[in-house]
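Chemist: Below you will find the structure I want to go over with you.
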Amino acid sequence: MTISIQSPLKHLHHLLYTEMNQVDTLILESLYSQVGVIEDVGKYLVQGGGKRIRPLLTLACSRFFNPDPGCAIHLAAAVELIHTATLLHDDVVDASTMRRGQQTANEVWGNSSSVLVGDFLFSRAFQLMVQTKNFDVLDSLSNAAAKIAEGEVLQLTSSYSLDLSIETYLNIITSKTAALFAAACEVGGMIVGMDMSLRHHLYQFGHNLGMVFQIVDDFLDYCSNSGDLGKSQGDDFFEGKVTLPVIIACQDRINSDFWISQFAKAVRVEADLQTAIQLLESHCILYKCREIARSYAEGALNHLDKLPKSAIWHDLKDLISYSLNRKS
């Protein structure tokens with residue numbers, strides 16, 4: 001599969017190359033169905049690239065007490081299937097047309113097929129979890145799946161309003177993104193019998209890392225030098241989705257008339273986006289967003305510090321810095 005990555009993700013992919021190949025194989029096996037469109041949609045998505053950070057976290061976290069993360073293969077595959085299913089549902093809800101430089105599945109096969117294939121992937125993920133015969137693992141990942149759904153509904157009902165608060169925004173991304181990051185890390189420790197107190201630190205490390213990743217992703221949407229995001233720049237703006245940069249601008253009453261007029265429009269165009277970017281950059285709004293992300297990065301590091309120092313520990317520490325400072 002084609003992976004679009006940068007260091008230190010590249011180093012983690014290299015370190016866990018054999019295991020990630022096993023994860024890829026298991027995912028492709030899980031896509032088998034006598035209904036051809038299920039395989040077509042599934043393969044289209046999983047072969048479409050991406051950073052694959054969630055299964056990497058599961059494998060990496062299983063290495064703290066076990067040099068062979070092979071026992072975590074099923075869990076890493078389950079985590080990636082859950083994530084892929086949420087992407088299918090996300091793109092339908094958001095009416096997205098592009099992801100990672102290619103058409104979304106809903107553009108190619110339609111909304112109904114995308115939703116139903118997403119449901120199929122969720123089912124396959126739970127089958128993989130059950131095969132571990134570990135009820136703690138099942139509890140952790142099923143809770144994460146429920147939180148993701150809650151986050152989707154909360155976003156649907158509130159994130160298109162300029163009255164959205166920072167608190168509500170953080171609740172949305174806690175559920176939509178951080179919950180799966182946290183569970184991906186926690187189950188890696190669970191499967192190798194890690195002590196509960198250490199598993200707590202794994203969970204909190206993953207939670208904070210997920211918050212960093214989503215906050216950075218949201219403000220990169222408005223960065224003039226954001227590079228290849230894996231999505232079209234300005235997607236959130238064009239879709240009318242209110243994220244952290246806009247929330248802060250509105251709370252600080254920076255060009256309020258501009259934001260009100262823009263989000264009242266049925267359609268926003270490229271010139272509108274460029275004006276939005278100029279306003280956010282000139283008033284240091286993106287810097288404020290990065291500082292909020294930095295506070296979560298510090299939280300991730302604090303919890304990582306409670307875990308045994310090892311080669312994998314240093315890789316995860318580097319991953320915090322990468323997540324905060326990435327350009328794509």
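The values are calculated or read from the model by the stated rules, or taken from the named source; none is laboratory data. It should be emphasised that the depicted structure is a prediction, and the values quoted were computed from it without experimental measurement. Counting neighbours? That spans all protein chains shown, and the Cβs are built from the backbone with ideal geometry, glycine included.
Chemist: Could you grab the pairs with beta carbons closer than 6 Å, sequence gap of 6+ or different chains, first residue in region 237-258 and among the aliphatic types (A, V, I, L, M) and surrounded by fewer than 21 Cβ atoms within 10 Å (Cβ to Cβ), second one in a helix (DSSP H, G or I) and at pLDDT below 95?
Modeler: none
Chemist: Give the residue that is surrounded by the most Cβ atoms within 10 Å (Cβ to Cβ), with candidates limited to residues of region 103-115 that are closer than 14 Å to T84 by Cβ and not β-branched (V, I, T).
Modeler: A105
Chemist: Determine whether K288 is charged (D, E, K, R) and touching a helix residue (DSSP H, G or I) at 6+ places or on another chain (Cβ under 6 Å). Reasoning before the result, please.
Modeler: Values: charged (D, E, K, R): yes; touching a helix residue (DSSP H, G or I) at 6+ places or on another chain (Cβ under 6 Å): yes.
Answer is yes for this residue.
Chemist: Could you tell me which residue of region 139-192 is farthest from K241 (Cα to Cα), considering only residues that are acidic (D, E) and surrounded by fewer than 23 Cβ atoms within 10 Å (Cβ to Cβ)?
Modeler: Among residues in region 139-192 that are acidic (D, E) and surrounded by fewer than 23 Cβ atoms within 10 Å (Cβ to Cβ), the one farthest from K241 (Cα to Cα) is D139.
Chemist: Sticking with this one: Out of the helices (runs of 4 or more DSSP H) lying entirely within region 200-294, which hold 1 or more residues that are farther than 22 Å from V92 by Cβ? I'd like the intermediate steps shown before the answer.
Modeler: On the way: elements: 235-239, 244-251, 256-264, 270-282.
Those helices (runs of 4 or more DSSP H) span 244-251, 256-264, 270-282.
Chemist: Exactly one of (1) outside any helix (DSSP H, G or I); (2) touching a residue at least 24 places away in the same chain (Cβ under 8 Å); (3) surrounded by fewer than 18 Cβ atoms within 10 Å (Cβ to Cβ) is unmet by K309. Its number?
Modeler: Failing condition for K309: (2).
Chemist: Mind checking which residues of region 84-98 are farther than 20 Å from S158 by Cα and either surrounded by 23 or more Cβ atoms within 10 Å (Cβ to Cβ) or of a type in the set (S, T, N, Q) (or both)?
Modeler: If we filter region 84-98 for residues that are farther than 20 Å from S158 by Cα, which is where we start, we get 84-85, 88, 97-98.
T84, A85, L88, T97, listed by residue number.
Chemist: Oh, and also: Could you list, ordered by first residue, the pairs with Cβ atoms under 8 Å in which the first is in region 162-180 and without any contact (Cβ under 8 Å) to a residue 24 or more places away in the chain and the second is part of a helix (DSSP H, G or I) and buried (at least 19 other Cβ atoms within 10 Å of the Cβ), at least 6 apart or interchain?
Modeler: N171/G151; I172/G151; I172/Q155
Chemist: Just to verify a result, which residue in region 126-136, among those that are in contact with a His (Cβ under 9 Å, 6 or more places away or on another chain) and surrounded by 15 or more Cβ atoms within 10 Å (Cβ to Cβ), is farthest from S33 (Cα to Cα)?
Modeler: Filtering first and then ranking leaves T132.
Chemist: From the residues in region 49-63 that are within 13 Å of H83 (Cβ to Cβ) and of a type in the set (D, E, K, R), which one is surrounded by the fewest Cβ atoms within 10 Å (Cβ to Cβ)?
Modeler: Within region 49-63, the first condition is being within 13 Å of H83 (Cβ to Cβ), and the residues that meet it are 50-58.
Imposing the further condition that a residue be of a type in the set (D, E, K, R) reduces the set to 51-52, 54.
Values: K51: 19, R52: 24, R54: 23.
That would be K51.
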